[in-house]
Amino acid sequence: MAHPDGITNPPIDSLLQRADSKYALVIYAAKRARQINAYYSQLSEGLLEYVGPLVEADATDKPLSIALHEIDQGKLHTSSPES
């Protein structure tokens with residue numbers, strides 16, 4: 001029986017290379033997970049305000065897992081607010 005990878009895939013070290021800090025990574029992934037969740041909610045209403053998953057995802061994948069895979073594969077890019 002196959003066990004899900006959980007938070008070990010993608011590895012945290014490769015994720016941290018894509019963000020300025022672990023705190024920025026958490027905010028980055030949480031915002032994208034909210035967008036993915038809103039996308040799935042809007043599908044039944046026929047609205048397309050948000051972009052769906054940018055990586056291949058199973059129906060059982062959670063939005064946060066999808067967001068972390070997107071970050072790891074370089075599908076998303078952050079921009080720092082100007083000071």
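Assorted remarks:
- Listed by first and then second residue, the pairs linking a residue in the range 54-66 that is over 11 Å from A29 (Cβ atoms) to a residue that is part of a loop (DSSP other than H, G, I, E, B) and hydrophobic (A, V, I, L, M, F, W, C), with Cβ atoms under 9 Å apart and 6 or more places separating them unless they lie on different chains, are L54/L76.
- When P10 is tested against (1) at pLDDT 90 or above; (2) surrounded by 13 or more Cβ atoms within 10 Å (Cβ to Cβ), only condition (1) is not met.
- Test for A19: is it in contact with a Leu (Cβ under 9 Å, 6 or more places away or on another chain), modelled with pLDDT under 95 and small (G, A, S): yes
- Residue tally, condition farther than 17 Å from Q73 by Cα and touching a residue at least 60 places away in the same chain (Cβ under 8 Å), over the range 14-53: 0
The values are calculated or read from the model by the stated rules, or taken from the named source; none is laboratory data. Just so you know, these numbers come straight off a predicted model, no measurement behind them. For neighbour counting, all protein chains shown are included, and Cβ atoms are generated from backbone atoms with ideal geometry for every residue, glycine included.
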